[in-house]
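Values in this text are rule-based calculations from the coordinates and carry no lab data. Keep in mind that this is a model prediction, so the values were computed, not measured. When we count neighbours, we look across all protein chains shown, and the Cβ atoms used for this are built from the backbone with ideal geometry, even at glycine.
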Amino acid sequence: TANIIKFGNKKLDLCEVQVMGILNVTPDSFSDGGNFNNIEHAITQAQTMINDGATIIDVGGESTRPGAADVELQEELDRVIPVIEAITQRFETVVSIDTSKAQVMQAAIDSGAGLINDVRALQNEGCIDVVASCDLPVCLMHMQGMPRTMQTAPKYENVTLDVIKFFKQRIQACEHAGIDKSRIILDPGYGFGKTLEQNYQLLAHQPKLLQLGLPILAGLSRKSMIGNLLNNSVDERLAGSLSAAVLAAQNGAKILRVHDVKETVDAIKVFNAMLAQINN
Ligand SMILES: Nc1nc2[nH]c(S[C@@H](C(=O)O)c3ccccc3)nc2c(=O)[nH]1
């Protein structure tokens, strides 16, 4: 059955697994956001991922420099906004903004973004208001602690139940702010404050999240939960990432956030062929 979600002026049917391509505009991949060849590079990457079957492009400029917020904020804006504008002007695809800053969310919305993707689940100052004042869908991701400290000693009663409890709190906060539940997508946040075992517990029990009645987005691509098993580097994790993508789809994920779009689209086609026969 169809499950059509509006992403701004575009629609996607979440009864089919959608592949979200990762477009990194961080300093290591670009010298700085604004200048010409970075935009061209980003457009070329986006074009390739769209040709390969991505229906969402996730633009993230997470700041790598700890330090004064205004430097971080302006730096993030300078990196992501020109890229979002360039992509929304050229392509029909949904563009999501991967940020935890309210001002970056607002600027991205004004530049045509169709999805807000917040690894901090709208907990930062002003974020819930920005999302409440637009009609876009929002992905709420679970993270324990802060990126700099989250892997020190992750602690859970039961990671899956704790993540569900977190989602219930965030959904309630969103509804109180006037964000309708139908706009919310949930993401367990693989690798964000979880040990290797806790990541695989979460993947194994991911179907339990479905009891919340909302679509699941999963980001496992090239993460250390794969690398630590295979003891290999980021550019050798394709097979592990494809296995993880299919498992996440099997366990209920409807959006997969990946680096390797073409390969993941093919792997999901095999998954969909099996799924099509589940009742025969
Ligand atoms: N919704 C959603 N958004 C996300 N943004 C990211 S950034 C992460 C990465 O490995 O890509 C990362 C972490 C640390 C440094 C670089 C990149 N991961 C997710 C995810 O799992 N879900």
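Averaging sequence separations of C-alpha pairs under 8 Å and six or more residues apart, then dividing by the length of segment 187-271, give the relative contact order as a whole percent.
Relative contact order comes out at 32 percent.
Which net charge results for the neighbourhood of Ile255, defined as the other residues with beta-carbon distances under 15 angstrom from its beta-carbon, given Lys and Arg at +1 and Asp and Glu at -1? Please list the in-between numbers first.
Details: positive: Lys6, Lys10, Lys11, Arg183, Lys254, Arg257; negative: Asp13, Glu16, Asp58, Asp98, Asp118, Asp187.
Neighbourhood net charge equals 0.
Counting Lys +1, Arg +1, Asp -1, Glu -1, what net charge surrounds Leu12 among other residues with beta carbon under 13 Å of its beta carbon?
With Lys, Arg at +1 and Asp, Glu at -1, the net is +1.
Filter Lys181/Lys208; Lys194/Lys269; Lys155/Lys223; Lys155/Lys208; Lys181/Lys223 down to the pairs with a C-alpha to C-alpha distance above 23 Å, please. All intermediate terms of the calculation are to be shown ahead of the outcome.
Working: Lys181/Lys208 18 Å; Lys194/Lys269 30 Å; Lys155/Lys223 20 Å; Lys155/Lys208 20 Å; Lys181/Lys223 29 Å.
Lys194/Lys269; Lys181/Lys223, as the Cα separations exceed 23 Å there.
State the three equivalent ellipsoid semi-axes of segment 174-280, derived from the C-alpha gyration tensor as the square roots of 5 times its eigenvalues, in descending order and whole Å.
24, 19, 13
Mind checking Rg over Rh on the chain, alpha carbons, Kirkwood formula for Rh? Walk me through the numbers on the way to the answer.
Numbers: Rg = 17.8 Å, Rh = 19.0 Å.
We get a ratio of 0.93 for the chain.
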